[in-house]
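One structure is given here, and the rest of the page talks about it.
The values are calculated or read from the model by the stated rules, or taken from the named source; none is laboratory data. This one's a predicted model, so the numbers in the text were calculated from it and none came from an experiment. For neighbour counting, all protein chains shown are included, and Cβ atoms are generated from backbone atoms with ideal geometry for every residue, glycine included.
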Amino acid sequence: MNRQNRDERLRHILREGDPAAGDPGLTLEEAREMRRAVLNAVPERRRRLLPVFAWAGAALVAVAVLVAALLLQRPEAAPAPRVAEVVKETAGTAATAETPVAETEKTETVEVTAKKRPHRRRTPAPATSATSNSPDRIASAAPAVEPEEPRQIQFSTPGGTRIIWVISPGEASHTK
Amino acid sequence: MEPTQSQNATERLGRLFDAHQDRLFRLARRLASDREEARDLVQEAFLRAARSPGSVPDGDQPGEAWLVRTLVNLCRDRYRRLGVRARVHAEMKQEEQDGAHPEDAAVARATVRAALARLAPRRRAAIVLHEMEGVPVREVARMLGIAEVTVRWHLLAARRELARVLVGTEKEDRR
């Protein structure tokens with residue numbers, strides 16, 4: 001008997017003597033009982049997951065509060081209205097008050113630049129003497145020379161409103 | 001209200017049970033020594049699926065393969081637990097009981113069962129799935145989670161062992 005015939009014969013014997021051949025399978029009652037037992041064995045996961053959801057919710061609320069706080073603070077962090085303080089002689093007060101906005105802003109710009117970068121001037125030494133009459137020089141020198149003279153403070157807001165305070169020593173200040 | 005994970009797992013397991021309990025019981029009946037053992041094996045396989053629903057892969061075929069593998073592994077565990085002496089004793093007792101039956105079919109079943117019981121569980125599963133249930137080698141490999149070449153090797157060895165018992169017995173009977 002060659003191998004192929006032997007295998008064929010074996011297959012026939014196995015199928016003839018199949019242990020499950022005469023068995024109808026699980027009865028309806030057996031299957032129902034087994035199904036119930038199996039499904040009851042599924043672990044309850046809802047309680048196990050509850051703390052996870054609680055923590056996730058708390059974290060979400062915390063993040064929301066943080067974001068809201070940041071958004072509320074942002075308008076306050078916007079650039080404050082530029083304030084220029086120019087001290088000039090009393091004689092030039094009226095003229096300064098009538099100065100156009102653009103000129104005032106130019107003065108402020110020069111002043112800020114001078115304060116922030118005092119040692120980075122690229123202009124040569126003779127130019128320094130030429131600019132000795134510039135407003136910022138006057139501003140820095142004026143309080144030292146004549147401390148008793150009236151002072152003028154100008155505010156320029158981004159909305160275009162200009163506020164000028166004139167402060168005279170010994171008198172009440174007034175606003176124009 | 002959305003169903004919880006537990007409800008989903010229960011529904012999925014219910015579908016798995018309804019779809020495969022009959023086929024799994026038939027396989028268990030061929031692998032186990034008696035009906036009670038086959039029923040226990042099937043129930044234990046489904047209970048394992050219930051205890052760890054995450055380990056059962058999605059889909060009908062992967063789920064079935066997982067159940068078959070679990071069933072074969074359970075058979076192996078029993079085979080190892082049961083000592084060789086106890087196993088041989090149980091087989092002899094079974095053969096005596098079944099051999100006393102006058103019907104030829106019952107005798108044939110007892111002989112085949114006894115011959116199959118001599119094989120190691122995985123080898124037994126391979127020969128049962130391929131030769132008795134007609135499952136292709138590739139499918140057997142997928143279900144048992146082993147390579148096709150390993151399945152072929154198991155089949156070759158199982159045929160040799162079974163032929164020695166069954167075909168040899170048949171020759172003696174014919175004389």
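Tabulated values for the structure
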read-out	value
Residue check, residue B:112 assigned to a helix (DSSP H, G or I), surrounded by 18 or more Cβ atoms within 10 Å (Cβ to Cβ), within 11 Å of chain A (Cβ to nearest Cβ) and modelled with pLDDT under 90	yes
Filtered residue count, the stretch B:38-57, keeping only those that are assigned to a helix (DSSP H, G or I), surrounded by 15 or more Cβ atoms within 10 Å (Cβ to Cβ) and modelled with pLDDT under 90	1
Hits in the stretch B:7-34 (condition: surrounded by fewer than 16 Cβ atoms within 10 Å (Cβ to Cβ) and under 14 Å from the mean Cα position of the chain (by Cα))	B:22, B:23, B:34
Pairs, first facing chain B (nearest Cβ under 7 Å) in the stretch A:16-36, second part of a loop (DSSP other than H, G, I, E, B), C-beta under 8 Å, six or more apart	A:34/A:26
Residue match in the stretch B:9-22 (condition: more than 9 Å from every other protein chain (Cβ to nearest Cβ), closer than 30 Å to residue B:110 by Cβ and either in a helix (DSSP H, G or I) or touching a His at 6+ places or on another chain (Cβ under 7 Å) (or both))	yes
Residues within the stretch B:10-62 that are without any contact (Cβ under 8 Å) to a residue 24 or more places away in the chain and acidic (Asp, Glu), tallied	6
Residue in the stretch B:91-109 that is among the small types (Gly, Ala, Ser), at pLDDT below 85, part of a helix (DSSP H, G or I) and buried (at least 18 other Cβ atoms within 10 Å of the Cβ) present	yes
Any hit, the stretch B:59-73, residues being more than 15 Å from residue B:113 (Cβ to Cβ), at the interface with chain A (Cβ under 9 Å from one of its Cβ atoms) and surrounded by 20 or more Cβ atoms within 10 Å (Cβ to Cβ)	no
